[in-house]
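Worksheet: one structure, shown below.
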Amino acid sequence: MKQSTFRNLIRLFAFVVLAAPLVPVTAGPARQAILGDWQLQIDVDGQQMPSILSLSKDSDGQLRGEWISFFGISELREIKYEARELSFAMTIRLGEDDVVTKFAGSVKRGELTGTFSNNLGEYAARGKRIKRVPMAAGTWQTKLKMGDREFDADLIIKSDAKGKLSAEWKSQYGEHEVTNVQFKPGKLTFDRKSRFGDRQWDSSFEGTLKGHTLTGTIKSDRGEIKLEGKRLGAPVIGQWELEVKSDSWTRKQLLRVLPDLSARYGAISIDKVSLEGKNVTFKTSIEYDYQTYDISFAGQIKGRKLTGEITSSMGAAEVTGRKRRPTRAGQKAPRIEKTPRKPDVIYLPTPPKVVDKMLELAQVKKDDLLYDLGCGDGRIVVTAAERYGCKAVGYELRRGRVKASLENVEKHNVGHLVTVEQKDIFTLDLSKANVITLYLLPELNVRLIPQLEKLKPGSRIVSHDFDMKGVKPDKVVEVTIKDDWDQHTVYLWTTPLKKTKAKE
C-alpha cells in the first residue's frame, strides 16, 4: 500500500476519532535523557500527523512506553536506547487489521528524529520533549489566619515555555505583586509586595506542597500569617484511560490533565479543563487536511471514574474512564512468585455479611492498621478500606489468590490504602497491626499465638468460624445468612490474650 492510501486511512481514522476522544534496561545518566513525553510530528504525504511518545521506567528500572495518536494508545515493546539511538516496535489497529510498526531514530541537541516503518511504507518523524508543568502550577484557593481573623485569597502560579514560574495574588483586600517564585520538590517560596492605600510593605512566603495541599507561613515585619491552600480542580488532575464507544466500534484513548488544568487529549492540546462540582467539560479542536474540527466533552467525575459524551461535527460517542494511579518514586510493583509451599487450608471465601460482622466486632477505625492473614480474594482488606478508610495489608501464599486480591484492590480503587503481599503468615512480624482477621483452622490459630502475643495492648483479633484453643474469647457472635445451610460464628479476642487453664 502506497503513501496516498495510508493518507486516506489516516483521514478515515481522524474522522472516526472526531466522534470520540482524540484523544524500561536500567536507566543510567544517558538513558535518563530519553525519559519523558515527546511531541512528534509524522510526515504522511505532506500532512503532519501529531502524536505523543511517552517513555518511563518500571519498578525494575526497565524502559517502558506508549505511543498516543489518532489510533489510540499503543504499548511499546522491544525498546532499546543506547548511544543516543532509540528503537521500538508496536502494533496499531487499523480497522480489522493489526499493523506492526517499528521505529528507529536518534536524539541530538534535544531533538528526536527517526522513521516509522511498516508494510504501508516509511514515514519521517521529528519532535521535541514536552516541558513538564511543575506541580506548583495551578490555582490555589487559600485561607490566611492572623489571630482570630481569616482571609481568603487565590494564588495563581503559571509556568512559561522554559519552566520559569510566575504568580498572581488575588484578594479583595489591597494590591499585591508576587516575585521570585521558586519551587523545588515539596518546597515553594516567593516574595510579595503589598499595598493598602498609602501603606506598603514587603513579605516572603515559605511553604510545603504535598499533593494538592499547600501549607506555609507569610512573614513580614508586621508578624506571621499562616496559610493553608487547596488546588482548584484537584479531582480531575491526572491521567485518565478512556474507553470511547459508538454504535459500531470501541476505542481506548488517554486524557492527561495537568496541574494547571491544561490537558492533552490523545495528542491534541487543551487550554483548560473545567470542573464545577462533579461536572467536567472541555473544548478543543484539530486541524487536518486544511480544515478545523471542533470537539467538546461534557461528563461527570465520581472518585476515580469519569463518564460522559464527546461530540463533534461528525457525531457523538459515549466515554467511560478510570484514573491511572501514579507510581511513587521508589515504589515497586508486587512480584508474584510460584506458590512456595503447599497451603495449610483450602480456599473458602468469607460471606460478605460475615465480613461486615467481623469488622464491626473489631470496631475498626480510620487510624487502624489491619492485617488479613490468608486474604484469599482480598474482600476483607478491600471492605475495611472502603467502609472505614483504614490502611490494610493482605497476606496470601497462593499465587492465584494474590493476583485475585490485587485485581479486587484495583477494581475498588483502594490501592492508596491496601497492600497485598505474597508471604508465609507464620514468618510475619504482626506487631505493627492493631486488627487481625483470620479464617484458618483451629490448630493454625493456635500456631499463631506466639506472634499474636506481640501485638500492642488493645489490639483486636477476629476469626471466622474457628476458635483458638487455650485463649478465652472476649465475644462470640452467631451470624445467620438467609438461604445458607449453616450459621457462621465470629470470635473476638483483644490483647493481651487471656490464657485459659488446661482443664478449661
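Can Val435 be described as modelled with pLDDT of 95 or more and closer than 24 Å to Trp493 by Cα? Write out each step before concluding.
Working: modelled with pLDDT of 95 or more: yes; closer than 24 Å to Trp493 by Cα: yes.
So Val435 fits the description; yes.
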The one condition in (1) touching a strand residue (DSSP E or B) at 6+ places or on another chain (Cβ under 9 Å); (2) exposed (fewer than 13 other Cβ atoms within 10 Å of the Cβ); (3) not acidic (Asp, Glu) that Thr213 fails to fulfil:
(2)
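For the range 128-151, enumerate the residues that are assigned to a loop (DSSP other than H, G, I, E, B), over 30 Å from Ser106 (Cα atoms) and at pLDDT 90 or above.
Ala136, Ala137
Against the condition assigned by TED's automatic domain parsing to the domain that holds Gln48, within 28 Å of Arg324 (Cα to Cα) and in a strand (DSSP E or B), how does Glu122 come out, does it pass? Steps first, please.
On the way: assigned by TED's automatic domain parsing to the domain that holds Gln48: yes; within 28 Å of Arg324 (Cα to Cα): no; in a strand (DSSP E or B): yes.
Answer is no for this residue.
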Based on this model, can you work out whether Leu497 counts as farther than 29 Å from Arg399 by Cβ and crowded, with 17+ Cβ neighbours inside 10 Å?
yes
Given the conditions (1) modelled with pLDDT of 90 or more; (2) over 28 Å from Lys302 (Cα atoms); (3) acidic (Asp, Glu), and given that Asp344 satisfies all but one, which numbered condition is not satisfied?
(1)
Under the condition of being among the small types (Gly, Ala, Ser) and buried (at least 19 other Cβ atoms within 10 Å of the Cβ), which residue from the range 251-298 is nearest to Met49 (Cα to Cα)?
Ala267
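Are any residues in the range 404-430 among the aromatic types (Phe, Trp, Tyr) and within 10 Å of Val382 (Cβ to Cβ), and if so, which ones? So that I can check it myself, show each step before the final result.
Restricting attention to the range 404-430, the residues satisfying the condition of being among the aromatic types (Phe, Trp, Tyr) are 426.
Across the range 404-430, there are no qualifying residues.
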Scan Gly223, Gly238, Gly174 and give me the residue that is closer than 25 Å to Ile52 by Cβ and modelled with pLDDT under 95.
Gly238
Any idea how many residues of the range 365-387 are surrounded by fewer than 14 Cβ atoms within 10 Å (Cβ to Cβ) and in a loop (DSSP other than H, G, I, E, B)?
3
Go through (1) under 30 Å from Leu53 (Cβ atoms); (2) at pLDDT below 95 and name the single condition Ile157 misses.
(2)
Could you please tell me which pairs satisfy a Cβ distance under 9 Å, a separation of 6+ or placement on different chains, a first residue in the range 395-420 that is among the small types (Gly, Ala, Ser), and a second residue that is assigned to a helix (DSSP H, G or I)?
Ser405/Arg379; Ser405/Val381; Ser405/Val382; Gly415/Leu406; Gly415/Val409
Cβ pairs under 6 Å, 6+ apart, first in the range 173-190 and over 17 Å from Glu228 (Cα atoms), second part of a strand (DSSP E or B) and of a type in the set (Asp, Glu):
Thr179/Asp191; Asn180/Asp191
Condition broken by Ala362, with the remaining ones in (1) surrounded by 18 or more Cβ atoms within 10 Å (Cβ to Cβ); (2) closer than 22 Å to Lys403 by Cα satisfied
(2)
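Could you please find all residues in the range 83-98 being surrounded by fewer than 18 Cβ atoms within 10 Å (Cβ to Cβ), closer than 18 Å to Phe70 by Cβ and of a type outside the set (Asp, Glu)?
Quick first cut of the range 83-98, residues surrounded by fewer than 18 Cβ atoms within 10 Å (Cβ to Cβ) only: 83-85, 87, 89, 91, 93-98.
Now narrow it down to the ones that are closer than 18 Å to Phe70 by Cβ: 91, 93-98.
Listed by number, the residues that qualify are Thr91, Arg93, Leu94, Gly95.
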Could you list all residues from the range 151-197 that are surrounded by 14 or more Cβ atoms within 10 Å (Cβ to Cβ) and among the β-branched types (Val, Ile, Thr)?
Ile156, Ile157, Val178, Val181, Thr189
Residue check: is Gln182 polar (S, T, N, Q) and not assigned by TED's automatic domain parsing to the domain that holds Lys162?
no
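The values are calculated or read from the model by the stated rules, or taken from the named source; none is laboratory data. Note that the structure is a prediction, hence the values are computed from the model and not measured. Virtual Cβ from ideal backbone geometry, glycine too; neighbours counted across all protein chains shown.
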